[in-house]
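Trainee: Below is the structure I would like to discuss, written out as structure tokens.
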């Protein structure tokens, strides 16, 4: 029968395209012998994914045609929106199984410097978005066509990669929950739709894809009530996103607490009810986290070089003793706590810390808070080291900071019976340079930001947030664009939901509060000598920000009002610096005084 069908098809125009499609489709439907010859649930999810991938390719093809034939701006923009909606349907699997290709499809519109210091130009939807919104300039069509051509090649690459991927149920559910986390941290903030502000419809499209794929697992056969609750939660969240009248007014606080958190929690319940294993692997965000805002779901031991460097209570206690001990400095009485004072959220309140000695000189940069330092993939404002142990080395040996000597410190500690005994208790080889650094790093990893009223609110505790603070959260997560760099809920630059990298940004920070010239500190450029990194600095946490002023790497701003005004003007380029590599959007935010005050009120509760 099948051979006769092929014979008929062979007499048709374009028949071989159809034949190849049939063979490809059949190959994707390979039966699992263990399931009685039927495709597994995961295989069925993959089939739908591959079909959605074809729809994405078709939407990109239409976009290309509309650009090439010179159709009106509105037609091109509508085609772009449809292509992005199609992309969002595949995002949860694409980002999970093929992160690099996904980044090529939908990465930020900024050049990337890779590990080999090659500067790779941006590509994909976000580059294209800035070419077609708010209008398609006549001179931009050829460039846009090139971007779509590359985009389609990446879609084809994703198709080829995906053909050989074997999905499992555990991975599918993991990917679904990570997509919920992605939507609330990146999607609804405008992170990947910074010009078109099509974030809410796109988030709805992603949720609809998850809901559709979830039906494959027939949860209702295991627990009808749970299936109904989960389905209703999807319906409610999608409806709320689709009813959003505009980007700025969307109530993200309500959506995260009552919709996104509910969905991720119910998906975990569904996974457990279906008997699908939840991963126990080591991650920054626990694989078993019900929501992003639960207590204790972030692993401060994740960014360690070796398993034996993980913190223990004994190492933390020892590290705390060293942190406050001037034995690590050159006899000037300085300890780590001199510049990282607990009562000031482990900063020091100075524009720049005083250099060691008595001549009044200052070190080159502002002392950052150490709270949540263990939740960052890199350390220092210029990201020059990856591990806290290496940060300790740098600070201790820096002539301006501690001007100390690790060998001399080890010698002194070995001669101290109390320290020698504690090191022997917690390290098999006693006092060594590496153990000394690890003890200090262990203490710093224990310094997590205390529970805030925002955390309590999300975790179901008393609602202690004022109307102004709630408004400020929504400004932070929306119109203010703060959360596109300071990612919720850690409010630092470690990128969710995988948390593998901590970003740097080029803001164009001025040298003085008058804002006449950009600060001369070249930041990360001093290490890499690559133009995208000129004036680039690591994105710090906003947690405990009311205690960590003055602000910016050079301490130029004394108040949060000054900081907000700087961002509202569009950073350095808003001040007229003309930095070609500024990553901060330099259009004015046009925040009202009420919005600025609400934003500041919100940040103060962190």
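This table checks each residue for (1) buried (at least 23 other Cβ atoms within 10 Å of the Cβ); (2) not in a loop (DSSP other than H, G, I, E, B).
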{"position": "150", "(1), (2)": "no, yes"}
{"position": "154", "(1), (2)": "no, yes"}
{"position": "162", "(1), (2)": "no, yes"}
{"position": "167", "(1), (2)": "no, no"}
{"position": "176", "(1), (2)": "yes, yes"}
{"position": "195", "(1), (2)": "no, no"}
{"position": "207", "(1), (2)": "yes, yes"}
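Trainee: Working carefully through the options 502, 448, find the one that is under 21 Å from residue 365 (Cβ atoms) and touching a strand residue (DSSP E or B) at 6+ places or on another chain (Cβ under 9 Å).
Mentor: 502
Trainee: Would you confirm whether any residue within segment 116-125 is modelled with pLDDT of 95 or more, surrounded by 21 or more Cβ atoms within 10 Å (Cβ to Cβ) and in a helix (DSSP H, G or I)?
Mentor: Yes: one or more hits.
Trainee: Here is a check on your reading of the model: is residue 89 outside any helix (DSSP H, G or I) and modelled with pLDDT of 95 or more?
Mentor: No; evaluated as a whole, the condition is false for this residue.
Trainee: Kindly indicate the residue of segment 318-341 that is in a helix (DSSP H, G or I) and free of Cβ contacts under 8 Å to residues at least 40 places away in the same chain and also nearest to the chain's Cα centre (by Cα) among those meeting that condition.
Mentor: Only one residue fits best here, namely 337.
Trainee: Identify the residue in segment 562-579 that is free of Cβ contacts under 8 Å to residues at least 24 places away in the same chain and part of a loop (DSSP other than H, G, I, E, B) and, among all such residues, is nearest to residue 373 (Cα to Cα).
Mentor: The qualifying residue nearest to residue 373 (Cα to Cα) is 570.
Trainee: Something else: Exactly one condition in (1) in contact (Cβ under 8 Å) with a residue 60 or more places away in the chain; (2) under 22 Å from residue 584 (Cα atoms); (3) outside any helix (DSSP H, G or I) is not met by residue 136; state its number.
Mentor: That leaves (2) as the condition not met.
Trainee: Evaluate segment 230-242: report whether one residue or more is buried (at least 18 other Cβ atoms within 10 Å of the Cβ), assigned by TED's automatic domain parsing to the domain that holds residue 206 and not in a helix (DSSP H, G or I).
Mentor: Checked against the condition, which is being buried (at least 18 other Cβ atoms within 10 Å of the Cβ), assigned by TED's automatic domain parsing to the domain that holds residue 206 and not in a helix (DSSP H, G or I), segment 230-242 yields no hits at all.
Trainee: Test residue 409 against the criterion of being assigned by TED's automatic domain parsing to the domain that holds residue 426, buried (at least 19 other Cβ atoms within 10 Å of the Cβ) and touching a helix residue (DSSP H, G or I) at 6+ places or on another chain (Cβ under 6 Å), and give yes or no.
Mentor: Taking the combined requirement at face value, the residue satisfies it.
Trainee: Keeping to segment 361-389, report how many residues are farther than 22 Å from residue 449 by Cβ and in contact (Cβ under 8 Å) with a residue 24 or more places away in the chain.
Mentor: 5
Trainee: Please verify whether segment 183-190 includes one or more residues that are part of a helix (DSSP H, G or I) and either in contact with a strand residue (DSSP E or B) (Cβ under 8 Å, 6 or more places away or on another chain) or surrounded by fewer than 22 Cβ atoms within 10 Å (Cβ to Cβ) (or both).
Mentor: Within segment 183-190, one or more residues are part of a helix (DSSP H, G or I) and either in contact with a strand residue (DSSP E or B) (Cβ under 8 Å, 6 or more places away or on another chain) or surrounded by fewer than 22 Cβ atoms within 10 Å (Cβ to Cβ) (or both).
Trainee: Right, residue 563: under 23 Å from the mean Cα position of the chain (by Cα), buried (at least 20 other Cβ atoms within 10 Å of the Cβ) and within 18 Å of residue 351 (Cα to Cα) or not?
Mentor: yes
Trainee: Scanning segment 520-536 for residues that are in a loop (DSSP other than H, G, I, E, B) and in contact with a helix residue (DSSP H, G or I) (Cβ under 9 Å, 6 or more places away or on another chain), which turns out farthest from residue 569 (Cα to Cα)?
Mentor: 524
Trainee: Separate question: Identify, from the list 461, 508, the residue that is in a loop (DSSP other than H, G, I, E, B) and crowded, with 19+ Cβ neighbours inside 10 Å.
Mentor: Matching residue, one of 461, 508: 508.
Trainee: Can you find even one residue in segment 352-369 that is assigned to a loop (DSSP other than H, G, I, E, B) and touching a helix residue (DSSP H, G or I) at 6+ places or on another chain (Cβ under 7 Å)?
Mentor: no
Trainee: Checking the conditions here, which among 76, 48 is touching a residue at least 60 places away in the same chain (Cβ under 8 Å), in a helix (DSSP H, G or I) and within 19 Å of residue 145 (Cβ to Cβ)?
Mentor: After applying the criteria, what remains is 76.
Trainee: Could you please find all residues in segment 53-82 being surrounded by 20 or more Cβ atoms within 10 Å (Cβ to Cβ) and either touching a strand residue (DSSP E or B) at 6+ places or on another chain (Cβ under 8 Å) or over 16 Å from residue 132 (Cβ atoms) (or both)?
Mentor: 53, 56 - these are the residues of segment 53-82 that are surrounded by 20 or more Cβ atoms within 10 Å (Cβ to Cβ) and either touching a strand residue (DSSP E or B) at 6+ places or on another chain (Cβ under 8 Å) or over 16 Å from residue 132 (Cβ atoms) (or both).
Trainee: What is the number of the single condition among (1) under 30 Å from residue 217 (Cβ atoms); (2) within 25 Å of the chain's Cα centre (by Cα); (3) without any contact (Cβ under 8 Å) to a residue 60 or more places away in the chain that residue 197 does not meet?
Mentor: Going through the list (1) under 30 Å from residue 217 (Cβ atoms); (2) within 25 Å of the chain's Cα centre (by Cα); (3) without any contact (Cβ under 8 Å) to a residue 60 or more places away in the chain, residue 197 breaks only (1).
Trainee: Output the number of the condition that residue 559 fails; it satisfies all remaining conditions of (1) without any contact (Cβ under 8 Å) to a residue 12 or more places away in the chain; (2) over 26 Å from residue 380 (Cβ atoms).
Mentor: All conditions pass for residue 559, except number (2).
The values are calculated or read from the model by the stated rules, or taken from the named source; none is laboratory data. Just so it is clear, the structure is predicted and the values come from calculations on it, not from any experiment. Here Cβ is always computed from backbone atoms with ideal geometry, including for glycine, and neighbour counts include all displayed protein chains.
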